[in-house]
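> Take this structure first; my questions come after.
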Amino acid sequence: MTPPLPVRLHLMITFMMALAGTFAGASLGLALSSGRILAVVGAVAGGLGAGIWALLSRRQVVGFFQELLRPVREISRLRDEKAEAHTGNVVAGLYMYQAARFPLAQGGVSAAECEARRTVAYQLSAYEGLPRQVQVAAAAALEAIDQGKDAETAAEAMSELRVTVYEHRGGL
């Protein structure tokens with residue numbers, strides 16, 4: 001399982017701090033003496049010091065990144081809620097178009113009203129925020145309704161759209 005993003009960011013920072021501490025300690029050790037022993041001791045001390053500091057500051061660093069990422073998560077949550085609400089609008093719009101295309105009484109719906117409902121159904125289905133599965137199912141339902149030959153085929157396509165929306169919402 002992948003750890004959350006703030007924890008991964010902290011781990012990356014810890015690695016970079018330990019690496020920088022090791023390099024700084026080795027450089028300081030070489031600068032202070034020409035021997036390798038002091039350079040190794042400085043590298044170990046610098047790396048351990050930076051690593052211990054990063055581990056001790058874990059809670060603050062992770063908390064900082066969580067606060068920093070909160071607006072992004074909120075926007076993502078609102079976008080998902082908006083898309084979920086819009087899927088319901090798509091189903092309602094397509095049912096209204098289906099009712100206009102296959103009226104219960106002959107002459108019950110004028111051609112202008114049917115065309116207006118068709119336009120609304122296409123506009124609702126073309127919304128970019130819709131999940132891909134819902135867009136595909138809506139396109140299939142629109143195609144079945146547009147053919148206008150068989151009410152059962154249109155009803156089956158609408159049923160598939162309802163099931164797709166239900167699955168997208170986490171119903172199954």
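> Quick check on this structure: which one of A20, A50, A31 is open to solvent by less than 30 Å² (accessible area, probe 1.4 Å), part of a helix (DSSP H, G or I) and out of contact with any strand residue (DSSP E or B) (no Cβ under 9 Å at 6 or more places or on another chain)?
Every option except A50 fails the conditions.
> Then there's this: Exactly one condition in (1) in contact with a Ser or Thr (Cβ under 7 Å, 6 or more places away or on another chain); (2) open to solvent by 60 Å² or more (accessible area, probe 1.4 Å); (3) touching a residue at least 40 places away in the same chain (Cβ under 8 Å) is not met by R169; state its number.
All conditions are met except number (1).
> Listed residues R118, R101; which is open to solvent by 60 Å² or more (accessible area, probe 1.4 Å) and in contact with a Phe, Trp or Tyr (Cβ under 6 Å, 6 or more places away or on another chain)?
After ruling out the rest, the residue left standing is R118.
> Among (1) within 25 Å of R77 (Cβ to Cβ); (2) in contact with a Leu (Cβ under 7 Å, 6 or more places away or on another chain), which single condition is R162 missing?
All conditions are met except number (2).
> Continuing with the same structure: Can you pull out every residue in region 81-111 that is closer than 18 Å to D146 by Cα, under 39 Å from the mean Cα position of the chain (by Cα) and in a helix (DSSP H, G or I)?
Those that are closer than 18 Å to D146 by Cα, under 39 Å from the mean Cα position of the chain (by Cα) and in a helix (DSSP H, G or I): V90, V91, A92, G93, L94, Y95, M96, Y97, Q98, A99, A100, R101.
> What are the residue pairs meeting all of these: first residue in region 145-159, first residue farther than 14 Å from Y97 by Cα, second residue assigned to a helix (DSSP H, G or I), Cβ atoms under 6 Å, and 6 or more apart or on different chains?
Pairs that qualify, where the first residue is farther than 14 Å from Y97 by Cα and the partner is assigned to a helix (DSSP H, G or I), are T153/A144.
The values are calculated or read from the model by the stated rules, or taken from the named source; none is laboratory data. All of these numbers come straight from a predicted model, not from anything done at the bench. Note: ideal-geometry Cβ built from the backbone for every residue, glycine included; neighbour counts use all protein chains shown. Remember, those area values only see protein heavy atoms, side chains included, never the ligands or the DNA or RNA. Shrake-Rupley method; radii C 1.70, N 1.55, O 1.52, S 1.80 Å.
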